[in-house]
Amino acid sequence: MADKIIMRLFTHLVFIVLFTCFIGCDEENNDPDPFQDQPLGEFIDENTYRVFPKKQDNFGVAEFRLWVPESTEQVRAVAILLGSYNFNGLGLVKTFEWQAFGNLENVALLGVNFKTISDVSGYYPEAHLGSGQALLNALEKLAEGSGNEYIKDLPLLLRGYSAGGVFSYSFSGFKNERVLAFANIRGGGLNFTQDTNKGIPGLMIYGENDAPQRNSRIISTVEEKRSAGGNWSLLKEPGVDHYGELIKPDIFIRMLFKKVLATRLKEGSNELYALDESDGWLGDSSTLEIHPFSEFIGDKTKASWLIDEEFAKSWKAFQQD
């Protein structure tokens with residue numbers, strides 16, 4: 001009799017434990033995902049927007065600041081400005097040189113603060129893994145907030161240094177139809193992109209005294225795109241390592257951006273003209289010889305593509321200093 005009572009008590013106890021576990025496990029599995037159940041982001045101030053990362057995104061912080069030129073005319077494009085790895089580039093939109101460019105060319109500026117948080121987020125320079133879409137989402141919110149909603153659909157110019165340069169390059173493959181031109185200053189962590197971006201004028205700048213592995217990747221990437229007929233150019237900074245100043249590269253980049261704005265934008269449309277490789281100039285990176293495409297004698301698939309004669313002469317002079 002005692003044995004039967006003990007057995008019944010044991011059976012009831014097992015049932016209670018299992019039932020409690022079932023209820024507890026069920027509640028735990030239905031907890032909301034903190035990454036998924038949150039809004040897109042928030043305004044930090046009227047010109048700055050923060051995008052919240054989702055679980056699968058490759059960034060821990062994504063903040064963007066919009067500056068719009070003083071002109072009463074409609075803005076023609078947006079220049080995206082990024083610094084080195086985990087650098088807060090929001091202040092780049094306040095620099096005199098870039099604001100002067102924006103006012104002269106009627107181009108808006110978007111400063112970027114991307115950060116990778118160790119053990120939490122991935123590598124943000126890979127635009128297709130979340131950071132590129134975060135930029136587009138923030139631009140849409142900021143354009144709406146500024147009262148200039150059309151800005152969200154404008155073509156983009158991308159300028160980045162180091163990891164920011166890698167992002168600029170990566171974004172050209174992620175949304176090639178949106179990119180007027182891009183420039184990468186000393187960003188060597190480059191992964192392969194499809195040739196859909198080969199028609200975009202791309203400028204890759206490397207420091208002569210930078211790490212050989214970084215320079216080798218920059219050079220091989222340009223040669224790879226050039227072998228496919230890409231409108232890409234390679235520019236060496238004499239005597240400069242990875243941490244050299246950015247004044248001279250930025251002057252050269254703004255020159256490229258100005259020329260691209262004049263040749264790729266269709267009037268009254270966001271559609272971009274394609275630039276024919278044969279209409280440009282070519283430069284030999286070893287000898288610095290420059291010639292119109294049709295007159296270039298060397299290996300055209302390895303020479304830098306240069307948008308016109310003036311740009312070609314500046315390309316040569318830059319590397320002779």
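Derivation of every value follows stated rules applied to the coordinates shown; laboratory data play no part. Everything quoted here is computed from the prediction, not taken from an experiment. With ideal geometry, Cβ positions are generated from the backbone for all residues, glycine too; neighbour counts draw on all protein chains shown.
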From the list Asn88, Asn103, pick out the single residue that is within 17 Å of the chain's Cα centre (by Cα), on the phi < 0 side of the Ramachandran plot and of a type in the set (S, T, N, Q). Asn88
Hey, can you tell me all the residues within segment 198-215 that are part of a helix (DSSP H, G or I) and touching a residue at least 12 places away in the same chain (Cβ under 8 Å)? Gln213, Arg214, Asn215
Of the listed residues (Leu180, Leu190), the one being touching a residue at least 40 places away in the same chain (Cβ under 8 Å), within 13 Å of the chain's Cα centre (by Cα) and crowded, with 18+ Cβ neighbours inside 10 Å is Leu180
Residues in segment 141-160 that are in contact with a Phe, Trp or Tyr (Cβ under 9 Å, 6 or more places away or on another chain) and more than 21 Å from Leu261 (Cα to Cα): how many? 3
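Here is a yes/no grid of residues against (1) free of Cβ contacts under 8 Å to residues at least 40 places away in the same chain; (2) touching a Pro at 6+ places or on another chain (Cβ under 6 Å); (3) among the aliphatic types (A, V, I, L, M):
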| residue | (1), (2), (3) |
| --- | --- |
| Lys115 | no, no, no |
| Gly122 | no, no, no |
| Pro125 | no, no, no |
| His128 | no, no, no |
| Gln133 | yes, no, no |
| Leu142 | no, no, yes |
Those residues that are among the polar types (S, T, N, Q), out of contact with any strand residue (DSSP E or B) (no Cβ under 8 Å at 6 or more places or on another chain), over 21 Å from Ser172 (Cβ atoms) and assigned to a helix (DSSP H, G or I), I need them from segment 91-138; list them, please. Asn103
Spot the failing condition for Leu154; the list is (1) within 17 Å of Val61 (Cα to Cα); (2) surrounded by fewer than 22 Cβ atoms within 10 Å (Cβ to Cβ), and only one is missed. (1)
Does Gly164 fit the bill of being in a helix (DSSP H, G or I), in contact with a Leu (Cβ under 6 Å, 6 or more places away or on another chain) and not aliphatic (A, V, I, L, M)? yes
Among Asn47, Asn58, the single one that is under 19 Å from Phe174 (Cα atoms), touching a residue at least 24 places away in the same chain (Cβ under 8 Å) and surrounded by 14 or more Cβ atoms within 10 Å (Cβ to Cβ) is Asn58
For Leu190, which of the numbered conditions (1) assigned to a loop (DSSP other than H, G, I, E, B); (2) out of contact with any Lys or Arg (no Cβ under 6 Å at 6 or more places or on another chain) fails to hold? (2)
